[in-house]
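Reviewing the structure listed below.
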Amino acid sequence: MRPVKILSVCGSGTVSSAMLSSKLEDVLSEKGYAMEATEVAPGGVALAVQSGGYDLIAYTSPVEDIYGIPVLNATGFLVGINEEEFVEELMDVVGKLDL
């Protein structure tokens, strides 16, 4: 099984997106999935999606939903609000992937 490829997006493409990637990896690992993540700022999303073969985008800074892959708002998940709802949404998306 291949890893879930996630594009993690925050305002600067560094701190919050790295924290988000780590938290996503913890959840997916608990569920038996491997994960690869790339952290970018919103301005880098289009180029990353074109070249990266990502399965989904998780963001804390707004991203347009025009890339043909699921886009999940992870702000609450990162700060501990409605985490269970986000994990349900994440696992619904992951469950539909051809891994």
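Kindly check whether there is at least one residue in segment 53-61 that is touching a Lys or Arg at 6+ places or on another chain (Cβ under 9 Å), small (Gly, Ala, Ser) and open to solvent by 50 Å² or more (accessible area, probe 1.4 Å).
First pass over segment 53-61, keeping only residues touching a Lys or Arg at 6+ places or on another chain (Cβ under 9 Å): 53-56.
Narrowing further to those that are small (Gly, Ala, Ser): 53.
In the following step, the residues that additionally are open to solvent by 50 Å² or more (accessible area, probe 1.4 Å) were identified as 53.
Taking every residue of segment 53-61 in turn, at least one turns out to be touching a Lys or Arg at 6+ places or on another chain (Cβ under 9 Å), small (Gly, Ala, Ser) and open to solvent by 50 Å² or more (accessible area, probe 1.4 Å).
Can you tell me which of (1) assigned to a loop (DSSP other than H, G, I, E, B); (2) surrounded by 12 or more Cβ atoms within 10 Å (Cβ to Cβ) is the one Ile81 doesn't meet?
Condition not satisfied by Ile81: (2).
Would you point out the residue of segment 1-41, among those that are part of a helix (DSSP H, G or I), open to solvent by 50 Å² or more (accessible area, probe 1.4 Å) and in contact (Cβ under 8 Å) with a residue 12 or more places away in the chain, that is farthest from Glu88 (Cα to Cα)? Spell out how you get there, then give the answer.
So the first thing to find is which residues in segment 1-41 are part of a helix (DSSP H, G or I), and the list is 15-30.
When the remaining residues are screened for being open to solvent by 50 Å² or more (accessible area, probe 1.4 Å), the result is 15, 19, 22-23, 25-26, 29-30.
Imposing the further condition that a residue be in contact (Cβ under 8 Å) with a residue 12 or more places away in the chain reduces the set to 19, 23, 25.
On the way: Met19: 19, Lys23: 14, Glu25: 15 Å.
Across segment 1-41, the extreme among qualifying residues is Met19.
For Leu72, only one of the following conditions fails: (1) of a type in the set (A, V, I, L, M, F, W, C); (2) over 12 Å from Lys5 (Cα atoms); (3) part of a helix (DSSP H, G or I); (4) under 10 Å from the mean Cα position of the chain (by Cα). What is its number?
Tallying (1) of a type in the set (A, V, I, L, M, F, W, C); (2) over 12 Å from Lys5 (Cα atoms); (3) part of a helix (DSSP H, G or I); (4) under 10 Å from the mean Cα position of the chain (by Cα), Leu72 fails exactly one: (3).
The values are calculated or read from the model by the stated rules, or taken from the named source; none is laboratory data. Computed from a predicted model, the values in this text were never measured in an experiment. Using ideal geometry, Cβ is built from the backbone for each residue, glycine included, and neighbour counts are taken over all protein chains shown. Keep in mind that these areas ignore ligands, DNA and RNA; they rest on the heavy atoms of the full protein, side chains included. Shrake-Rupley method; radii C 1.70, N 1.55, O 1.52, S 1.80 Å.
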